[in-house]
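Novice: Before I ask anything, let me first share the structure, which is written out below as structure tokens.
The values are calculated or read from the model by the stated rules, or taken from the named source; none is laboratory data. Since the structure is predicted, the reported quantities are computational estimates derived from the model, not experimental observations. Backbone-built Cβ (ideal geometry, glycine too); neighbour counts: all protein chains shown.
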Amino acid sequence: MNRTLFILSCAVLMACVLCAAGSAQSNPEATPAQALAAAQAVPAIDGGAGPCSVDFAVATADGKPAAAATVKVHIAYGFGGFHKLDLQAGTNSDGKVKFTGLPSRVRGSLLEFEASKDQLVGTATYDPATECQGKREIKLGKQNSSEK
């Protein structure tokens, strides 16, 4: 009796595993349009420190999107600015990136976002206290030799 119950349990378990494997393989593959949309999705980084967010469009001096540019920010917030947060993200092929989870009150009131790609740099400021959901553009230009 125990042997029969064991064999029956194994058969049921094996059937469940085969059903799960079959349903995983039956999902259709993504179409090229879906794959392209996923590849161009706007990268987002979540600071987890508040409700605010800012979207960036990074472009070169001639107006072309700066793909694979790096955007970074240092945030001091909380009582006395004791909490600190360094965030960095790269842009997609359209030169776009999003920072979410930013605190609504920061030390010094303005956040300065720095973007760079190769020898090009640019900055943008953002005040989450006055504009919790923001959009900014950053134009990249050559770095001055005195700024190094």
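Novice: Give me the residue from the stretch 90-101 that is touching a Phe, Trp or Tyr at 6+ places or on another chain (Cβ under 8 Å) and assigned to a strand (DSSP E or B) and, out of that set, surrounded by the most Cβ atoms within 10 Å (Cβ to Cβ).
Specialist: Taking the candidates together, the pick is F99.
Novice: Let me ask you something else. Looking only at the stretch 75-89, filter to residues that are assigned to a strand (DSSP E or B) and of a type in the set (G, A, S); which one of those is farthest from F113 (Cα to Cα)?
Specialist: A76
Novice: A follow-up question, please. Report whether or not D86 is loosely packed, with under 11 Cβ neighbours inside 10 Å, at pLDDT 95 or above and within 21 Å of T125 (Cβ to Cβ).
Specialist: Against the criterion (loosely packed, with under 11 Cβ neighbours inside 10 Å, at pLDDT 95 or above and within 21 Å of T125 (Cβ to Cβ)), D86 qualifies.
Novice: Checking T125 against (1) farther than 13 Å from H74 by Cα; (2) modelled with pLDDT of 95 or more, only one condition comes out false. Which one?
Specialist: Tallying (1) farther than 13 Å from H74 by Cα; (2) modelled with pLDDT of 95 or more, T125 fails exactly one: (1).
Novice: Within the stretch 37-57, count every residue that is over 14 Å from G101 (Cβ atoms) and in a strand (DSSP E or B).
Specialist: Counting residues in the stretch 37-57 that are over 14 Å from G101 (Cβ atoms) and in a strand (DSSP E or B) gives 2.
Novice: Could you tell me how many of the residues in the stretch 58-74 are crowded, with 18+ Cβ neighbours inside 10 Å and either under 14 Å from the mean Cα position of the chain (by Cα) or part of a strand (DSSP E or B) (or both)?
Specialist: Counting residues in the stretch 58-74 that are crowded, with 18+ Cβ neighbours inside 10 Å and either under 14 Å from the mean Cα position of the chain (by Cα) or part of a strand (DSSP E or B) (or both) gives 5.
Novice: For the stretch 104-115, state whether one or more residues are exposed (fewer than 11 other Cβ atoms within 10 Å of the Cβ) and either under 13 Å from A59 (Cα atoms) or modelled with pLDDT under 95 (or both).
Specialist: Scanning the stretch 104-115, I find no residue that is exposed (fewer than 11 other Cβ atoms within 10 Å of the Cβ) and either under 13 Å from A59 (Cα atoms) or modelled with pLDDT under 95 (or both), so the answer is no.
Novice: Hey, any hits in the stretch 118-126 for a residue that's over 22 Å from K64 (Cβ atoms) and touching a helix residue (DSSP H, G or I) at 6+ places or on another chain (Cβ under 6 Å)?
Specialist: Step one: of the stretch 118-126, the residues over 22 Å from K64 (Cβ atoms) are 125-126.
Filter once more, so that each one left must be touching a helix residue (DSSP H, G or I) at 6+ places or on another chain (Cβ under 6 Å): none.
No.
Novice: Across the stretch 119-144, what is the number of residues that are of a type in the set (D, E, K, R), surrounded by 12 or more Cβ atoms within 10 Å (Cβ to Cβ) and out of contact with any strand residue (DSSP E or B) (no Cβ under 6 Å at 6 or more places or on another chain)?
Specialist: Summing the residues that are of a type in the set (D, E, K, R), surrounded by 12 or more Cβ atoms within 10 Å (Cβ to Cβ) and out of contact with any strand residue (DSSP E or B) (no Cβ under 6 Å at 6 or more places or on another chain) in the stretch 119-144 gives 2.
Novice: Okay, moving on. How about the stretch 122-148: which of its residues are within 22 Å of S53 (Cα to Cα), part of a strand (DSSP E or B) and not acidic (D, E)?
Specialist: Taking the stretch 122-148 as the starting set, the residues that turn out to be within 22 Å of S53 (Cα to Cα) are 122-140.
After this cut, where a residue has to be part of a strand (DSSP E or B) as well, the list is 122-126, 133-139.
Selection gives G122, T123, A124, T125, Y126, Q133, G134, K135, R136, I138, K139.
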